[in-house]
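Heads up, the thing below is written out as structure tokens.
All of the numbers you see were taken from the coordinates with simple rules; none came from a lab. Note that the coordinates shown come from a computational prediction; the quantities given were computed from them, not determined experimentally. Methodologically, a virtual Cβ is constructed for each residue, glycine included, from the backbone with ideal geometry; neighbour enumeration extends over all protein chains shown.
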Amino acid sequence: MNGSLLACSRIVKSLGGKTVLDALTFTVAPGEVTVLLGSDGAGKTTLLRLALGLLRPETGEMDVCGFDPVFEGDALRQVVGFVPQEPDAYPWMTPRDLFRFLRPQYPAWSEAHALEVAGALQVPLTTPFSRLSRTDGMKAMLAAALAPAPRLLLLDEPFAGVDAAARDELLRDVMREVRDGRRTVLCATHDLDVAARVADRVAILARGAIAQHGTLAQILGPEAEPSRAPARIHELLAAAERGEVLS
Amino acid sequence: MKLLAPYLWKEWRDHRSVLLGFLAAFPFLPLLALLLLPPGLAGHGGIAPLAAAAGACIVLLAVVAELIPAEARRGKVAFLARLPGGLGAALWAKFLFLLMALAGAALYGFLVAWAILRPERVELGYLRGLGWVLALGLWVVPVSAWLPRGVLAVPGTLLLFALVALPVVLLVGPAQFPPRNAWTPGFLQGFLVLGALWAARASFVRGYRFGRGPAAAAWRGLIVVAILALPAYAWTASRLRQERSVDPRASDFHIHCAFLGEGGRLAFLNTARYDSNRDRYGALHTIILDLESKEWRSEADTPYGFGPESFAERGAQHAIVRRPEGDVVNGDVWVRYLDGRTGEALRSGWRSQEPAEFTARARDVARSMAPFRRADGGRIWPFRGGWEQEMPDGTVAAIADLPWPGAGGAGLGLVCSPTRVFDFARGRMVQVPPGCEVRVRPGMWLLSKAIRDRREHFLFDPETGELSPAPGLEGNDAPGPVHDDGRVFVADRARGRLSLLVPETGERSDVTVFDTRHELFTEVSDPAPCSWPLRTPGGARVVRVAKESGVWWYARFDPRTQTLLRATGAVGSGATELDLVGFLPDDWFLIVRDHRDLVRMKLGGGQCQVVAFGPQRDPRK
């Protein structure tokens, strides 16, 4: 595993007859926030679901926190947090219900921490998910994902569809929580601004493989200005989609 | 349990509204019964258990069938799958919830019905049906995982049960299902409980894993079902094979009946396997056995067995043996004619299409074994539903208006009704007094009548109808068959002696029985069932001689020596049923012993040989 919390080697995965990931090789270093960038349909969610053992690769090897996701999924999911694109808890559940439901599943679950995060994120604990806003729903899901102190946190487009103000607030709170816990995060997004603001490393996923992977400085180049980071990432992403590599 | 508790709570929250609706609405059912059913039925002891079953069924349909499809429909399978407990914890919680829901619904239904209908007593035996509801419920879970909608799960489960059980049911019959084998209860319980859990795990946990759906679940679940159904299908296949094959060496081999082909070389057997535990026969198998080489061949299982063509009475040889074939259900049946000498098929076709030369052969054989004689010695025989006789010029003529085949023998005549007897010697019908046992003879007939506790014997003039006391017959005398020359076999029960009597004069001549010393004979008779004279192919008379002890023998009468040549051979200890097949050359005859073996015995000798298929016997018989 070479010290990485997530390591994929030549992963191939097809969905609906289309090859989504094609010999993908990728690692996530511990204690870092890695942003997985890619356009819609690039395979970001597929990669996260593979990492969580919810999909099975056709070929290739994968190691997540020392577990094989295919055969050790149950154990793996005790140490990996996951925040989906949409809050997908049962509509009748309140965030407090969700915590109560999840608590027995995780040996390291901390109810206090869940409530602390939920409080910090101002999650309405007694409102059912059916009546929560998407932002509040995502906050609740994030609190639930962080409560068992996961070694790896997988975020699947958590900021998509959230308005800019709410996104900034959510992003700030998320990053505080992540930084405070020195957590390893793999965040799949196509939001370049998010990538520019939170990423220690950026991986660009295009055409079923990692086109570029490195620190933000490595990706942007030494002379790139921070304010131009989203634009530069966009260029890189567009080039990767075309199969080119920009220097 | 700590892990399952939140899942149980989740299930309750998921189905709370339906269950509460059930609790609220169910009391209307017994109320409706109270209004609509007659008081006797509403207060029946089985009504509360029935309500319990009804409650369980309603919950089964409304809740259990939706446990998995509802998750899939709402897209929550992915949510459950990404939890550390995975789909397994969710599934076991669903089963636990199922048990609690069904038990709760049954208890509630029972109590509500008991409270509203107030039956005088409760017949708890009716609660056994709940076991089947529970079994159905357990299997509804895996089946519902294969289907997009829960409403299809219950009929789907019933169809699955039918597919698994149908071959067995078809084989043993609904009344015999489940078969009473030692392994049946264990297999059924295992199939219904453990099988359901296994199939559900394969369907839901494995089938829905990695983002798969109902199709993958169905594939995996059905593999489990196929494995589980294997014992039932294997048992069925084994039983079918047993029933559709026949092994004469097996202990359950059973000979229904046998016919002897012309010449005495071949025996035509109708056989089956006999299950003494259930007193049930397997498929019918026809076998052709070569009595000389002992080789046999099965003629395949068939809805019909061999039947005689020429002569219905036992002991005959058959020029042609026929076996109906075809589709019984559609009525498309034809007859296969087999050559009694060779066993080869003569021709298939309708009976009316039988070639004339075969008819002639069959007639010749029937003629050679003709049971009756006219006064001038002309032979009379039954043939193809009627009676035929040979005329003095050698031609064959039919005898009109004689009944067939139920008419019993009356000496040398035929009883056509209680007061009408046909006299073959005279060739006409004669009216007789009612209630008499008639023996038709060339001269005066002999009539016997029970008067109070004794039998009296009379001479009867068929020309005038006059009766007169028969001389020379006493109360201890038991008249038997009429010999061709008109004399009557008589057993003197007091002395145990046999004789031939001339009824008109009372003159007797002693008849000896081969190889006897001090035995006492009490009866001589024509063999059952028709009491027609029984003859060997050579025309010699065969009678049945019984001892005081009830033991009897077939015996051929030798008129030259006035001796009854009985077969003295021992047929085997424990043999209870002997069935005459036919007479072979040189005074041999063939019998079926205890529906199991073919035994050859000799008249006038002690030889007794098992021809086939002994000596195995079913110890249970």
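Taking 25 Å as the straight-line reach from the Cα of B:LYS602, the lysines in range (excluding those fewer than 8 positions away in the same chain) are B:LYS294, B:LYS547. Computed from Cα positions, the angle between helix B:153-172 and the longest principal axis of chain B comes to roughly 20 degrees. The mean count of C-beta atoms from other chains within 10 Å of the C-beta of residues in A:101-107, rounded to a whole number, is 5.
For the protein assembly as shown, what does the helix formula give at 222 nm: sum of -39500 (n - 2.57) over DSSP H segments with n ≥ 4, over the residue count, nearest 500 deg cm²/dmol? The partial results should precede the final answer.
Details: 22 runs with 275 residues, N = 868.
Helices in the protein assembly as shown give a 222 nm mean residue ellipticity of -10000 deg cm²/dmol.
Between A:GLU58 and B:GLU577, how high is the FRET efficiency from 1/(1 + (r/R0)^6) when r is the Cβ-Cβ distance and R₀ = 60 Å? Nearest 0.05.
Working: r = 72 Å, r/R0 = 1.21.
Calculated value: 0.25.
For region B:471-509, backbone nitrogen atoms closer than 19 Å to the point 7 Å from B:ASP453 Cα along Cα-to-C-beta are found at B:474-478, B:493-494. Evaluating 6.51 cos²θ - 1.76 cosθ + 1.60 at θ = phi - 60° for every residue in region B:492-501, the Karplus couplings come out as 8, 5, 6, 9, x, 10, 10, 8, 10, 10 Hz, glycine and proline recorded as x. For the pair B:GLU344 and B:GLN242, label points projected 7 Å from Cα toward Cβ lie 3.9 nm apart.
Under the criterion of Cα pairs below 8 Å and six or more residues apart, the relative contact order for region B:4-244 equals 24 percent.
What percent does the relative contact order of chain B come to when contacts are Cα pairs within less than 8 Å and at least six residues apart?
Numbers: 1197 pairs, mean separation 47.1, N = 621.
The value is 8 percent.
Looking at region A:1-79, none of the trypsin sites (Lys or Arg not before Pro) sits in a DSSP loop with at most 15 other Cβ atoms within 10 Å of its own Cβ.
Derived scalar couplings between HN and Hα for region A:86-102 equal 10, x, 10, 5, 4, x, 7, 6, 9, x, 5, 4, 4, 4, 5, 5, 7 Hz in order, rounded to whole Hz, by the Karplus curve 6.51 cos²θ - 1.76 cosθ + 1.60 (θ = phi - 60°), x for Gly and Pro.
Computed from label points 7 Å out along Cα-Cβ, the spacing between A:ASP193 and B:LYS2 is 4.5 nm. May I ask for the angle, rounded to the nearest 10°, between helix B:214-244 and the longest principal axis of chain B, with both axes built from Cα atoms and the value confined to 0 to 90°? Tilt relative to chain B: about 10 degrees. Whole angstrom only: what separates the Cα centroid of region A:155-190 from the Cα centroid of region B:419-457? So the separation of the two Cα centres works out to 119 Å. Listed from fewest to most Cβ neighbours within 10 Å, the set A:GLU169, B:GLU577 follows the order B:GLU577, A:GLU169.
The residues B:MET429, A:MET62, B:MET391, when put in order of fewest to most other Cβ atoms within 10 Å, stand as B:MET391, B:MET429, A:MET62. Which aspartates and glutamates, on any chain, are close to B:LYS10 with Cα under 18 Å apart, when same-chain ones fewer than 8 places away are left out? In chain and number order, the partners are A:ASP88, A:ASP97, B:GLU66, B:GLU71.
Return the loop-located trypsin sites (Lys or Arg not before Pro) in region B:505-588 (DSSP other than H, G, I, E, B) with at most 15 other Cβ atoms within 10 Å of their own Cβ; answer none if there are none. Present the calculation step by step, with values, prior to reporting the outcome.
Working: sites: B:ARG508, B:ARG517, B:ARG535, B:ARG541, B:ARG544, B:LYS547, B:ARG556, B:ARG560, B:ARG566; in loops: B:ARG517, B:ARG560.
Filter output for region B:505-588: B:ARG517, B:ARG560.
Taking chymotrypsin sites (Phe, Trp or Tyr not before Pro) in DSSP loop states with no more than 14 other Cβ atoms inside 10 Å as exposed sites, chain A has its longest site-free stretch at A:93-247. For A:LEU6, the residues whose amide H sits under 5 Å from its own are A:VAL28, A:CYS65, ignoring neighbours fewer than 5 places away on the same chain, with H placed 1.01 Å from N. Please give the Cα centre distance for region B:466-517 versus region A:1-67, rounded to the nearest Å. A separation of 111 Å, based on Cα centres. For region B:467-474, 3J(HN,Hα) computed residue by residue from phi via the Karplus equation (6.51, -1.76, 1.60; θ = phi - 60°) reads 10, 8, x, 7, x, x, 10, 10 Hz, glycine and proline entered as x. With Cα atoms defining each centre, region B:64-78 and region B:21-38 are spaced 31 Å apart in the structure. Scanning chain B for chymotrypsin sites (Phe, Trp or Tyr not before Pro) lying in DSSP loops with no more than 14 further Cβ atoms inside 10 Å, the longest uninterrupted stretch between such sites is B:351-621.
Counting DSSP beta bridges in chain A, what percent are antiparallel, to the nearest 5? Show your work: numbers first, answer last.
Details: 19 of 37 bridges.
Antiparallel bridges: around 50 percent, rounded to the nearest 5.
Working from label points 7 Å from Cα in the Cα-to-Cβ sense, the B:VAL396 to A:VAL70 distance is 8.4 nm. The slack in the chain from B:ASP332 to B:SER17, taken as 0.36 nm per residue of separation less the alpha-carbon distance, amounts to 107.4 nm. Summarising the amide proton neighbourhood of A:LEU15: residues at separation of 5 or more, or on other chains, whose placed amide H is nearer than 5 Å comprise A:VAL20. Its alpha carbons give the protein assembly as shown an Rg and a Dmax of 46.9, 152 Å. Structure remark: mean-square fluctuation, Gaussian network model of chain A, C-alpha springs under 10 Å; the largest value among A:GLY31, A:GLY60, A:GLY81 belongs to A:GLY60.
Taking springs between alpha-carbon atoms closer than 10 angstrom, which of A:ASP63, A:ASP156, A:ASP40 fluctuates most in the Gaussian network model of chain A? So, out of A:ASP63, A:ASP156, A:ASP40, the one fluctuating most is A:ASP40.
Sorting the Cα pairs of region B:4-244 by distance into bins of 5 Å, from 0 upward, gives 1, 6, 13, 16, 15, 14, 12, 10, 7, 4, 1, 0 percent per bin. If you plug the beta carbon distance of B:VAL551 and B:LEU194 into 1/(1 + (r/R0)^6) with R0 = 51 Å, you get a FRET efficiency near 0.30. Length gained on full extension, B:TRP132 to B:ALA70: 19.9 nm, using 0.36 nm per residue less the C-alpha separation. Could you give the angle, 0 to 90 degrees to the nearest 10, between helix A:134-146's Cα long axis and the longest principal axis of the Cα atoms of chain A? Here the helix axis deviates by roughly 90 degrees.
Amide H contacts of B:MET429 (H built 1.01 Å from N, in plane; Pro and chain starts excluded): B:ASP423 sit under 5 Å, all sequence-distant by 5 or more or on other chains.
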